[in-house]
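Only one structure is covered here, and it is reproduced in the block below.
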Amino acid sequence: QSDILVLSTLVPEAFGRVVIEAGAVGVPVLATRVGGVVEIIDSGENGLLVPAGDSGAMAQGIVELLTNRPRLRQFADRLHEKVVQEFSLDRMVGQTLEVYREVLSEKKILMIKIGAIGDLILATPSFRMIRERFPRAWISLLVDRKLTPLVSSSPYLNEIIALDRKKLRNLSYLLKLGKKIRGEGFDLSLDLQNSKWTHLLSFLAAVPERYGFRRGVFGFLLNRPDATFRVTDSPVKHQYRLLSKIGVRTFHESLELWSDPEAEANARALLSDEKRGGDWRDIGFVVGSSPRWVTKRWPLSYFQELAACLIQKHQCRIVLLGSEEDASWVKPSDFPERPEILNLIG
C-alpha cells in the first residue's frame, strides 16, 4: 500500500534485502547510493539513488516521484521484473551452492619464501609454475613484510601473508602467526625456504600436506619431505624438484618482477633530465648489496674505480640505489670528481 520505499541508510549495506522485498511486491524504491544497493537499483531505470547523507536530494527525489506517477509505476514494474529474474529464492540458492562447490573443488596452497630479496626473485618462476598447474587454486605467499611490494602485483598469487622475520625467535609471535595461518585452512604448503622456522610454521599451521626439503633437526615436521636438499642444482631447478612432487610438469626458468605503475612514473620523473642528450644512459650502482655477507660485496673503492671508467669512456650518469641503511655509509661525495652522480638511496 506504500507509494515509495525510502532506504535512507548511511552505512554500506552488504546486500539490501529490503529493496528486494519492495521490488517483489511492486513498490518503487528511492535509496541512498551505498554498498550492495547499487547492484539492485539502476538509478533512473528501475528506481532512484541519491548520495548518502544528502537529505535535500532525498526530499527532492521523493517530490519528483510523487508528482510523476507514470514514472513511479514504471520504476516499480522494472524493479519487479529484475527481482523475479535475478533474485528469486531458487536462483540465489543455486548460486550459493555453486560457490560452495567451487570452493570445495579448489585447493588452498601456501607457498613459503621468507628469505632476502634475491631469494624471493629466484622463486618467481615457481609462482608461475604453480599457477599453471593449479589455475583455479587460492595461492598465498608467506613473505617478509618489507619485501611485500615486490610481489603484491604478481598475477600468480591471490594473497600475501606478511611476517616480521626478525621476530621469529619470539615464541609468542611464532605461535600467534601459526594460529593465524591455521585459520586460513590451507590444503598444502610448499616450503621454498626450508629453514627450521618455516618447517615449524607449516607444522604449527596444521597444514595437512607439508612439502619441502628435509633440512636440519626440524625437517621431521614435514610429512611430504624431499631428502635431496644437498644435491647441487641451479636455484630454480632446485625448487622445481619440490614442485614436481605436486604434479608440476612444465619447467620455467625466466625471472619476473611486477612494478607498481605509480612507482614507475616516480622513477621516470626522478631520472628524467631534459638538459642531457638522447645518447646518455643511467647506470645503477647497488653499493649496499648483501649486507650480511661482506665476502659477497664489492669494496666501495671498486665502485669508485668503475664509475670513473664508465664516465670517462661513455656518456652516462651513475645512479646510487639503495635503502636508508645504505645512506649511512655511501653518498655522492664518495665520488668527488664525478659530477654526474644521482643519489636515490633511501
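Across the stretch 1-11, what is the total count of residues that are exposed (fewer than 14 other Cβ atoms within 10 Å of the Cβ) and under 39 Å from the mean Cα position of the chain (by Cα)? Spell out the reasoning first.
Here is the first cut: in the stretch 1-11, the residues exposed (fewer than 14 other Cβ atoms within 10 Å of the Cβ) are 1-3, 8, 10-11.
This time we only want the ones that are under 39 Å from the mean Cα position of the chain (by Cα), so: 8, 10-11.
Going through the stretch 1-11 one residue at a time, the tally reaches 3.
Looking at the stretch 273-287, is at least one residue among the aliphatic types (A, V, I, L, M), touching a strand residue (DSSP E or B) at 6+ places or on another chain (Cβ under 8 Å) and either modelled with pLDDT of 80 or more or surrounded by fewer than 12 Cβ atoms within 10 Å (Cβ to Cβ) (or both)?
Residues of the stretch 273-287 among the aliphatic types (A, V, I, L, M): 283, 286-287.
Narrowing the set further to residues that are touching a strand residue (DSSP E or B) at 6+ places or on another chain (Cβ under 8 Å) leaves 283, 287.
If we keep only those that are either modelled with pLDDT of 80 or more or surrounded by fewer than 12 Cβ atoms within 10 Å (Cβ to Cβ) (or both) as well, we get 283, 287.
Yes: one or more hits.
Considering each residue of the stretch 143-189, count those that are among the aliphatic types (A, V, I, L, M) and assigned to a loop (DSSP other than H, G, I, E, B), and give that number.
2
Among the residues of the stretch 190-214, write down those that are assigned to a helix (DSSP H, G or I) and among the aliphatic types (A, V, I, L, M).
Within the stretch 190-214, 200, 201, 204 meet the criteria.
What's the total number of residues in the stretch 315-333 that are surrounded by 16 or more Cβ atoms within 10 Å (Cβ to Cβ) and charged (D, E, K, R)?
Going through the stretch 315-333 one residue at a time, the tally reaches 2.
Could you tell me which of the residues 231, 217, 248 is under 29 Å from the mean Cα position of the chain (by Cα) and not in a helix (DSSP H, G or I)?
Matching residue, one of 231, 217, 248: 248.
So residue 312 clears everything in (1) at pLDDT below 80; (2) out of contact with any strand residue (DSSP E or B) (no Cβ under 7 Å at 6 or more places or on another chain); (3) more than 30 Å from residue 153 (Cα to Cα); (4) open to solvent by 70 Å² or more (accessible area, probe 1.4 Å) except one condition, right? Which one?
Single failed check for residue 312: (1).
Here is a check on your reading of the model: is residue 226 open to solvent by 30 Å² or more (accessible area, probe 1.4 Å), at pLDDT below 95 and of a type in the set (Asp, Glu)?
No.
Counting just the residues of the stretch 12-21 that are closer than 19 Å to residue 76 by Cα and open to solvent by less than 70 Å² (accessible area, probe 1.4 Å), which one comes out modelled with the lowest pLDDT?
For the stretch 12-21, the residue satisfying everything is 16.
Keeping to the stretch 293-332, report how many residues are without any contact (Cβ under 8 Å) to a residue 40 or more places away in the chain and over 22 Å from residue 271 (Cβ atoms).
First, pick out the residues of the stretch 293-332 that are without any contact (Cβ under 8 Å) to a residue 40 or more places away in the chain: 293-316, 318, 320-328, 331-332.
Add one more test, that the residue is over 22 Å from residue 271 (Cβ atoms), and what stays is 293-302, 305, 325, 328.
Matching residues across the stretch 293-332 total 13.
Looking at the stretch 33-45, which of its residues are open to solvent by less than 20 Å² (accessible area, probe 1.4 Å) and in contact with an Asp or Glu (Cβ under 8 Å, 6 or more places away or on another chain)?
Once the filter is applied, which keeps residues that are open to solvent by less than 20 Å² (accessible area, probe 1.4 Å) and in contact with an Asp or Glu (Cβ under 8 Å, 6 or more places away or on another chain), the stretch 33-45 yields 34, 36, 37.
Test each condition in (1) open to solvent by less than 70 Å² (accessible area, probe 1.4 Å); (2) not in a helix (DSSP H, G or I) for residue 263 and report the one that comes out false.
Residue 263 satisfies all of (1) open to solvent by less than 70 Å² (accessible area, probe 1.4 Å); (2) not in a helix (DSSP H, G or I) except (2).
In this structure, is residue 172 open to solvent by 50 Å² or more (accessible area, probe 1.4 Å), among the polar types (S, T, N, Q) and at pLDDT below 95?
yes
Among the residues of the stretch 202-223, write down those that are hydrophobic (A, V, I, L, M, F, W, C) and farther than 16 Å from residue 140 by Cα. Even if it seems obvious, please write down each step before you answer.
Quick first cut of the stretch 202-223, residues hydrophobic (A, V, I, L, M, F, W, C) only: 203-207, 213, 217-218, 220-222.
Within the stretch 202-223, 203, 204, 213, 217, 218, 220, 221, 222 qualify.
Restricting attention to the stretch 22-32, report how many residues are outside any helix (DSSP H, G or I) and buried (at least 21 other Cβ atoms within 10 Å of the Cβ).
So the answer is 5.
Output the number of residues of the stretch 175-196 satisfying the condition of being closer than 24 Å to residue 213 by Cα, out of contact with any strand residue (DSSP E or B) (no Cβ under 9 Å at 6 or more places or on another chain) and open to solvent by 50 Å² or more (accessible area, probe 1.4 Å).
Residues meeting the conditions: 4.
Determine whether the stretch 233-253 contains at least one residue that is of a type in the set (Gly, Ala, Ser), open to solvent by less than 60 Å² (accessible area, probe 1.4 Å), modelled with pLDDT of 80 or more and farther than 22 Å from residue 151 by Cβ. Spell out how you get there, then give the answer.
To start, the set of residues in the stretch 233-253 that are of a type in the set (Gly, Ala, Ser) comprises 234, 244, 247.
Adding the requirement that they be open to solvent by less than 60 Å² (accessible area, probe 1.4 Å) leaves 234, 244, 247.
With modelled with pLDDT of 80 or more added as a condition, the list becomes 234, 244, 247.
This time we only want the ones that are farther than 22 Å from residue 151 by Cβ, so: 244, 247.
Scanning the stretch 233-253 turns up at least one residue that is of a type in the set (Gly, Ala, Ser), open to solvent by less than 60 Å² (accessible area, probe 1.4 Å), modelled with pLDDT of 80 or more and farther than 22 Å from residue 151 by Cβ.
Tell me which helices (runs of 4 or more DSSP H) are completely within the stretch 46-136 and hold 3 or more residues being modelled with pLDDT under 95 and open to solvent by 40 Å² or more (accessible area, probe 1.4 Å), or say none if there are none.
It comes to 55-66, 69-86, 89-105, 117-122.
The values are calculated or read from the model by the stated rules, or taken from the named source; none is laboratory data. Since the structure is predicted, the reported quantities are computational estimates derived from the model, not experimental observations. A quick note on method: Cβ atoms are made from the backbone with ideal geometry, for glycine too, and the neighbour counts reach across all protein chains shown. We work out accessible area using only protein heavy atoms, side chains counted, and drop any ligands, DNA or RNA first. Shrake-Rupley method; radii C 1.70, N 1.55, O 1.52, S 1.80 Å.
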